[in-house]
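The values are calculated or read from the model by the stated rules, or taken from the named source; none is laboratory data. For clarity, every value in this text was computed on a predicted model and none was experimentally measured. Backbone-built Cβ (ideal geometry, glycine too); neighbour counts: all protein chains shown.
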Amino acid sequence: MLRVGGLTPLSASDYPDRLAAVVFCQGCAWRCAYCHNPELLSFNSRELIPWERVLAFLEKRRGLLDAVVFSGGEPTLQRSLPEAMREVKELGYLVGLHTAGIAPRMLARVLPLVDWVGMDLKAGWDQHERVTQVDGSAARAKRSMELIVSSGVARRFHTLAEPGELRA
């Protein structure tokens, strides 16, 4: 099942104009120096939250929350993501996704299940591999961006800046 490294029970900022719970998926293949969730980088955390516990929580919150956002780490690296999203939709929630575009093939599989997606653009294409420390990351992120745009799913792209990168 889904490897869950954290759960935020209520967020007013992770899904536009909706109250959401945020499921933080464990594991990421990129190593951005400014990662805001470094505790989620490893795929082998000892502190996992059982998916059944997350579902039980979401069952109790029906009617109080509007959406569930899958974030990370990087949720598209988990094989069980499509099934987890289907289970959340069956509970009546909107499904949100935060991604960096690491796995375009999985992204293509889950986009039909997603109501809203936010994608972090880690750097300009010419600097992407330096920031992520992974060869080919720019091509994967660019392909993911294209998939999101062509899907018609509501979306927001975030551009991140490394400390010291912005100049007045």
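Miscellaneous remarks
- Residue in region 156-168 that is buried (at least 17 other Cβ atoms within 10 Å of the Cβ) and aliphatic (A, V, I, L, M) present: no
- Being out of contact with any strand residue (DSSP E or B) (no Cβ under 8 Å at 6 or more places or on another chain), of a type in the set (S, T, N, Q) and either crowded, with 21+ Cβ neighbours inside 10 Å or in a helix (DSSP H, G or I) (or both) is a property that residue 150 has.
- Qualifying residues in region 126-147 (those that are out of contact with any Phe, Trp or Tyr (no Cβ under 8 Å at 6 or more places or on another chain) and of a type in the set (S, T, N, Q)) - the one surrounded by the fewest Cβ atoms within 10 Å (Cβ to Cβ): 127
- Some residue of region 33-46 being in contact with a helix residue (DSSP H, G or I) (Cβ under 7 Å, 6 or more places away or on another chain), basic (Lys, Arg) and farther than 19 Å from residue 89 by Cβ: no
- Residues satisfying the stated conditions in region 109-124, i.e. over 11 Å from residue 157 (Cα atoms) and of a type in the set (Asp, Glu): 115
- Flag for residue 64 being under 17 Å from residue 14 (Cβ atoms) and either exposed (fewer than 15 other Cβ atoms within 10 Å of the Cβ) or more than 14 Å from the chain's Cα centre (by Cα) (or both): yes
- Per the conditions (1) crowded, with 18+ Cβ neighbours inside 10 Å; (2) of a type in the set (A, V, I, L, M); (3) assigned to a helix (DSSP H, G or I), the sole criterion not satisfied by residue 123 is (3).
- When each of 95, 69 is tested for being closer than 27 Å to residue 128 by Cα, aliphatic (A, V, I, L, M), in a strand (DSSP E or B) and out of contact with any Cys (no Cβ under 8 Å at 6 or more places or on another chain), the lone residue that passes is 69.
- Whenever a residue of region 38-49 is closer than 17 Å to residue 75 by Cβ and among the acidic types (Asp, Glu), its partners that are modelled with pLDDT under 85 and surrounded by 15 or more Cβ atoms within 10 Å (Cβ to Cβ), lying with C-beta atoms within less than 8 angstrom and at least six residues away or across chains, give the pairs 39/45.
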